[in-house]
Structure formats: structure tokens, C-alpha cells
1. Among 272-282, 584-594, 507-517, what's the highest-first ranking by average C-beta atoms within 10 angstrom per residue?
2. Once ligands and nucleic acids are excluded and a 1.4 Å probe is used, how much of TYR552 is accessible, expressed in Å² to the nearest 10?
3. Could you give the length gained by full extension between THR433 and GLU510, i.e. 0.36 nm per residue of separation minus their alpha carbon distance, to one decimal place?
4. First measure r as the distance between the Cβ atoms of LYS388 and LYS466, then evaluate 1/(1 + (r/R0)^6) with R0 = 25 Å and state the FRET efficiency to the nearest 0.05.
5. Take the cross-link list LYS341/LYS487; LYS517/LYS697; LYS341/LYS400; LYS446/LYS583 and give me the ones stretching past 32 Å between alpha-carbons.
6. For the range 253-300 and the range 325-358, write down the distance between their C-alpha centroids in whole Å.
7. Highest mean first, what order results for 391-397, 446-452 on Cβ atoms within 10 Å?
8. Per residue of the range 612-619, in order, report the coupling 6.51 cos²θ - 1.76 cosθ + 1.60 (Karplus, θ = phi - 60°) as ³J(HN,Hα) in whole Hz, putting x for Gly and Pro.
Amino acid sequence: MLKCRTVWKKLAPLARDSSTLSRQSVRRAGLTNGSAVRVPAAHMSSGSAGGGGENKLYVLLVGAACLGGGIYAYRTVKGDQQRYMERMAEISSRPHKAASQKTTVPSQSEPPAVEATETEAVPEPKPQAALSSEEPSPPAPDAEAAAPRESAEPLPADEPVVGASPEEAAEPPAAPVVEEEPALPAEPSPVELTVPAAPVEESEPTAAAERPAAVLAEPQPEVVAESADSSPASPSVPSHAPYLLIGGGTASFAAARSIRARDPGARVLIVTEEPDLPYMRPPLSKELWFSDDPGVTETLRFKQWNGKERSIYFQPLSFYIHPEEFNSAENGGVAVLTGKKVIHMDVRGNKVKLDDDTEISYDKCLIATGGMPRNLQAIERAGEDVTKRTTLFRKIDDFKSLDKVSRSISSITIIGGGFLGSELACALGRRSTESGLEVIQMFPEKGNMGKVLPEYLSNWTTEKVKKEGVKIISEALVKSVNYKDDKLEIQLKDGRLVKTDHIVAAVGLEPNCDLAKSAGLEVDSDFGGFRVNAELQARSNIWVAGDAACFYDIRLGRRRVEHHDHAVVSGRLAGENMTGASKPYWHQSMFWSDLGPDVGYEAIGIVDSSLPTVGVFAKATAKDTPKAATEKSGTGIRSESETEDTAVSPVASSTPAPAVEQHKDGYGKGVIFYLRDKVVVGIILWNVFNRMPIARKIIKDGEEHADLNEVAKLFNIHED
């Protein structure tokens, strides 16, 4: 009505002006004819000449304006009535909806007629033809009860229809307004659906309500087992990751944990070729082989030397978010894409391509691709019969495969005398005493760990490995390998021939730098690996950590390290720098190796047997073993406790040090110093544990020492 008055106020002056002009036209026509006859107002539009046509035009214009105004007012009032009825029906049904089901979809202010007939359980207003043009009336119950029957899909028998009763519709609209709702979107939203409250197991109504009306045209029985998630399913591979970590090893996991520590809401995506979640590699060649559990290959749980049991995995599956939830997780998290390989890297476009042609963009990226085990050329060119009977030990699958093979053959040969080869030789040697398995270890050096340990200690270690049941073949250079009469024949260059059933090649690691070419990153020609600066950066938003990083050591020069502790610390620092820490890598990483539960050593810096060495030894006691050390520290991975420590003013032992005895029958425990230009650049702690912070400080100081016997006192090796 207010709109009608407004229109009338605008049209009334126009009508009065038109009437006045008509009267004046008639008067002018009469004077022109010489007659002063007064023409009545009723006949003003019927003059004989001059103004008759104009009068009719004015009358038509006024009539059309009035008619248009009336039609506009009628349509406006009618539209207001319809919207009022729809709003009343919606408000009156709220209490019923809240009581029957808490999960609802936002309502639509003006639902299209077609959409209303295709959506199930929609409370429809009364048809427009039945509305009064003068006064709105509440919708009839029959009209709302009939709405579900017009739906394209009938409701399940156990799903009630909630509609507004006449009494509820007549309630004032202010009453339910107290119940707060999210603001309605500017564009039309889906029509409100009402579903009953049901147990979590019976989530079909909720799942159905989340689907568009077009999807509901046919029954969907498979959604019964689905959980009621309000967000639509995302692609299994996220298209963008704020933090992208390439590689699923120790360095990647350490970086992810560091990123989340500094940025609790961060979204971190790990892409790994392996089918497993991030796990620690050292137990694959150490503790897992000494487990008493016959199902250890399935559980991958082991007892540490201290007797505590733990899993090889850093964290259980529940720690991670599913890749499909990567973009919707409220507080971010760490997601792992397993079985995916990054084959191309576009550093300008900040994106990578996977082996299935999927592309992922990123803001910050870490390359922690680790390395691939090397193989002997003699084995590679020997043919399929030889290669399928050869294990390149690196992953969980390699451990499982070798464990299975070692239980079904009579002879196995390990080629390599380094950390991995010696550890596997000792582990399989202990098994040989029970199963009769022949274990052979061959290497080109004179003794075990010949490239690391001084010759006298290498020879002593070799004898220790022999006592574990291993047959040692030293100074062995492989010339060729053949498969003949169901046996592998290893021909050495000096003419010796070794026959065996299976070969384990443990001859080193090749850093995985496949992405260097496409990314345009520099690879070090001397040490291999991606060259990075002090902050472990290869480019402005690309970092490298772990085995694949060739970094600059402020004390020892450019290096590349292939050990667990370095992966932990470099990954952690790279993660911090990815969040803006800008810290240099000054840490001296350590590594350790155990030849069973009785002999173990820890090392730091450059430990190369070609360097001059000084060894200080003492008599060992029962507590000077890897087993005793882990019992004291409470952890089986010794670097987990030691990388956090720093040495501050170590107190030397007051016990007098004996003279240095390098060539004696037994080396129970001791310290070996590696010198370069009379400065200590490397230290091995032989059966001496929990002293690594002291060794780290000695190398950091970089000073010359006149008497290393006095320096050895800092490690308290002479205490019982």
C-alpha cells in the first residue's frame, strides 16, 4: 500500500495538468470562431476542430499510467505475500528440525519451482494460485504433507517428514529468531533438508543430504558405510602444498616435525616412492635381526639392547592426516603420499610432476631423496639369473626378502666390509649357529672397516666378526659372477672362486640427484649430492637435507654424510629454515655401528684410515657395551639423546692414563683421534658411550694438542 500511495502522488499532478490543458485548448478554439459561448467541462474533449485529437491522447496517457501503476502495485503486494508465506513456513518449522536432527543445510530464500520438486523432504509453501491478494494466510498442512510425494525419490520408510503445523506457522516470527544461524549467502543456497537423528553406524540419511538433488534421483545403498562428513571429498593428490617434502626418510620426517613445531597450523605433504610411512633405517641391519619374535618381518617391532620394545616407524598411522583431508584439516597436519615418485621439478613455476603426470605446486620445498645402493658392474652385466639372486640392502622390503631367503638357502655371501656389510655379517653369522647357514663376507681391504679403522683395530674387529660365525675373505676383488648348476660363482681377480646361493651387495650409496637436471640445481663433482649453502638452501625456496645434501662444514670443509644423526639434524634445521629461522648448519653429526650387543662404536668428523691416528685404550668392564649404554640412556637410537646435548667444560678423570698401547691382544674400550695438520678432525669412541658432546667440542675448537693422552682423560675411559 505504501508503494501505491507513492505512485499516486507522482501521477496526480500529471492528471491535473492534463485537465487544465484540455480546458484551455477548448477556450482557444471557441474564441477563434468568434463565439464567446462557455463550453461545459463535460464537453471539453468534444470540440469540433483543433483540440479534439490532443484531448484523446492525453486521456489515453493518463489511463495507461493509472493502469500500469495499478498492475505494478498488485504484483508487488502479491509477491510480498508469497515471500511472507515462505518465510513464515521456514521459521515455524525450525523447532521441529532442531528436535529431529541437528544436521541441516542452509535454507534458500526463494527456491526455484523445479528445484523444490526434485529435492526430498522440502517444506513447500502453498501454491501461488491459492494465495489471497489481500491478506496472507498460513499454509495448510495438507500442502506440506504432499510435498515429499512430488519428490523425484521417495523417502525411506524410517525417515519422517517434518512440516509446519498451522498453529506453528501462525506464531510471530520473532520467537525463533533467538536461534542463531550462519548468514545466508548472497546467491541461492540448496533448499533446506530435514533428516532424523540416527546412530553413527546408520549414516545414510546424512550422507544422502550432502549430495546434490540430481545425485539423489536413484538410491545409493553404498553410502551406508560412509561417515557423515560435511566437506566434499578432495582429490587423493592435493594440487598445492605449502610445504612439500620430496622423500619419505628420516630427514623428511625430522623436517616435518620441525615445521609443525614452529608453525602448528602448517600443512606438510611428504611424497615418497616407498609404500611405507617414514621409518628409521638403522634397525634394519641391527636390532631387527636379533629379535626373538618369529613374526618380526610383519610387525617390524624389535627389542632394543635395553629391553624396551618399539616399532621401526617414527609414528603410527593415526599421527598423519589422509591426503584427501589435506586441504580441509582444520589445524593442518602431515600427509604422506606413498608409492609416488617426483620425476620433474619446475623451480620457476614452483611445481613438481609425479610419475603419473599429476602436478603439485608448492610454496617451500625440501629435497630429501636420500640415496640408492650401489651395485657391482660384474653383477649388473651378469644377467637376470644373477641379479634376481642379489640383494641391494636399503629398504624394509629388502629386509623382509633377505630374512626369507636366509631361511631357505645354505650359503650367503656379503660383498663389502663397511658399516652395513659388517653389521649384516654379524647378524646373519649368529643365525648360522642355529640353522647351519654358511655366511661369507668378502671385501678388498685387509680387514673389516678397513677404510675407517686403523689397521690394528680393523684386524681385531675382523677376528671379532669371525667369532660370530662368519667366514672372512679379505683382499677380494670381484672379477665376474656367473650362475651355474644352481649356484652363483664369484670369480676373484686373484683366481679364487667362491660358490654361494645368494649375494648381498653392500658397497656404498649413490646420492639420488635425478631432479638436478630438470630443476637446474648444482651437483658436487667430488662428493656427489646437491650443493647447498650454510642454511642448506639450493635455491631461495628449495632446501636439501640428509644423504643427498653436500654442505659446507665450517671446520672440515665441504662434506656429504650418509648417517642417521646427520639426517635427523639436517632435516630438523632445514624445517626450521623453511619457516624463516635462517640458521646455519654448524652441527657435527655423529654415527654409530654395533657388531652385536657386545661391541659398538660411535664416531664424529672425518674418520679415514689414511689419516694419522692416535688411540688411547683401557680395560673394558661389563657396562662398556652397546647394550649397557642403551640401558643407561633409555633409547636404542643413541643419537636421539646425544644430538640435543652440548659439552660445557668437561671434567677430566683424575685416574692416571697408561701409556698408549696400540698393538695388544684386546681393545676393550678407548678413543681414536684422527689428525690432519696436527689438528683433530675425527674421533671414534670404541665401546665408550654418552660422551659424544665432548668429542663434538674438541673438533669445534680446532686446536692442536701436544698430548692426546690428556685429551683422552676428558672421556673418563680409565674409570671402572
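1. Order by mean packing, descending: 584-594, 272-282, 507-517.
2. Counting only protein heavy atoms, the figure is 120 Å².
3. 24.3 nm
4. My answer for the efficiency is 0.25.
5. The pairs that break the limit, which is 32 Å between Cα atoms, are LYS341/LYS487; LYS517/LYS697; LYS446/LYS583.
6. Their Cα centres are 19 Å away from one another.
7. 446-452, 391-397
8. Karplus values, whole Hz, x for Gly and Pro: x, 10, 10, x, 10, 10, 9, 6.
The values are calculated or read from the model by the stated rules, or taken from the named source; none is laboratory data. Worth saying up front: this structure is predicted, and the values here are computed from it rather than measured. A quick note on method: Cβ atoms are made from the backbone with ideal geometry, for glycine too, and the neighbour counts reach across all protein chains shown. Please note that ligands, DNA and RNA were not included when accessible areas were found on the heavy atoms of the full protein model with its side chains. Shrake-Rupley method; radii C 1.70, N 1.55, O 1.52, S 1.80 Å.
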